[in-house]
1. Taking the range 93-111 as the search range and keeping residues that are within 16 Å of L57 (Cα to Cα), in a loop (DSSP other than H, G, I, E, B) and within 13 Å of ligand 1 (Cβ to nearest atom), which one is nearest to the chain's Cα centre (by Cα)?
2. Go over the candidates K258, K277 one by one and state the one that is at pLDDT below 95 and either buried (at least 18 other Cβ atoms within 10 Å of the Cβ) or within 27 Å of R117 (Cβ to Cβ) (or both).
3. When you scan the range 72-91, how many residues do you find that are surrounded by fewer than 18 Cβ atoms within 10 Å (Cβ to Cβ) and small (G, A, S)?
4. Looking only at the range 123-177, how many residues end up being surrounded by 14 or more Cβ atoms within 10 Å (Cβ to Cβ) and charged (D, E, K, R)?
5. Kindly indicate whether A172 is modelled with pLDDT of 95 or more, over 15 Å from G220 (Cβ atoms), outside any strand (DSSP E or B) and within 16 Å of ligand 1 (Cβ to nearest atom).
6. Can you tell which of A87, A59, A100 is under 20 Å from T241 (Cβ atoms), of a type in the set (G, A, S) and either more than 16 Å from ligand 2 (Cβ to nearest atom) or in contact with a strand residue (DSSP E or B) (Cβ under 8 Å, 6 or more places away or on another chain) (or both)?
7. Looking only at residues that are part of a loop (DSSP other than H, G, I, E, B) and within 14 Å of D308 (Cβ to Cβ) in the range 178-201, which one is farthest from ligand 2 (Cβ to nearest atom)?
8. Those residues that are modelled with pLDDT under 95 and exposed (fewer than 13 other Cβ atoms within 10 Å of the Cβ), I need them from the range 1-40; list them, please.
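The values are calculated or read from the model by the stated rules, or taken from the named source; none is laboratory data. Please read these numbers as outputs of a predicted model, since none were measured by experiment. Cβ coordinates were reconstructed from backbone atoms using ideal geometry, including for glycine residues, and neighbour counts include every protein chain displayed.
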Amino acid sequence: MLVTIDKNDRFPMPSYPNGWFQLCYSDELDSGAVMPLSYFGEELVLFRGEDGAPRLLEAYCAHLGAHLGVGGEVKDNCVVCPFHAWAFDGDGQCTDIPYAKRIPKKAKVRAWPVVERNGLILAWNHGDQAVPSWQVPEVPEFGHEEWTEYTTRRWKIRSHNQEMAENAVDSAHFRYLHKTQNIPPTEATTEDHLLVMESPATMTYRGMPVEGRIRSELYGFGFTITRFWGIAETCLVSSATPIDGEYIDVRFSFMLRKTLAGSAIDDPAMLEMVAKKFRQAVERELEQDIPIWENKKYISPPVLCDGDGPIGLFRKWCRQFYVA
Ligand code: FES
Ligand SMILES: [Fe+2]
């Protein structure tokens, strides 16, 4: 017998928190391109208009339900359905039916607010379809001459956005799961949708300890910037997009500062090699977290001890991302 595990058995909170979530990278969507996507428990169509702006609509045509992302084409700034050529603009409004005198009032599909920033295309998803209450910040390192382009990795993880985000403030797990030398003393502050976590980090270079620092900025559950100082100055843009109530699409985009300022490395030739090792170590940490996330359950309220990180503060901050 096939047993389907209902996501809600594992997590009492809604599967789709409010916020900005990555859909793809900018360079994956050419001008005039149409891309079918599955996120937020919905079938979606992403397309780039002839004006260069990306737009996201529900995939199923309001007419007879063809998938706009499978055979649909971009004309001007609309996507044209492959079945009977109805055209829909970025607001989801039907703007043209080539064989009709009148466009029916109900000829409309759901549209999501979309932004393109930092080489990413993101959508605002909200349980009540409310307009965005904050914006995705610019990452100054992106496109900066002192910094490399992105090196990317991607994972599909059976978990919940909130569970994965909790990792940043769970300082004790770094020592016992990731085998850091000690439990990093973690400081966290919150301001509206933003949570900032900072901790010192002892790293090792050529067998010598190097005092470093980690700072993470969580903009809701979908978009995080983490900066690492110490051995090789690194900026990690990470995103987590809920797919279907069970799985999350996780992307890591690393940038390395090409100059040696702020680095313990004195040899430029060493920098790329050390940075690669560092990147792999961060990826390995995530891969150590995956079996925990995929098999754990959400305990509320949890039993915490005095050595735990600011998990209580984190959970209080989380409540704003769900509709009541
Ligand atoms: S189903 Fe899309 S135009 Fe008919
Ligand atoms: Fe972790």
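1. V109
2. Matching residue, one of K258, K277: K258.
3. Total satisfying the criteria: 1.
4. 7
5. So A172 fails the test.
6. Step by step, each of A87, A59, A100 is checked, and only A59 is under 20 Å from T241 (Cβ atoms), of a type in the set (G, A, S) and either more than 16 Å from ligand 2 (Cβ to nearest atom) or in contact with a strand residue (DSSP E or B) (Cβ under 8 Å, 6 or more places away or on another chain) (or both).
7. Top of the filtered list is P185.
8. M1, L2, V3, T4, I5, D6, N8, D9, P12
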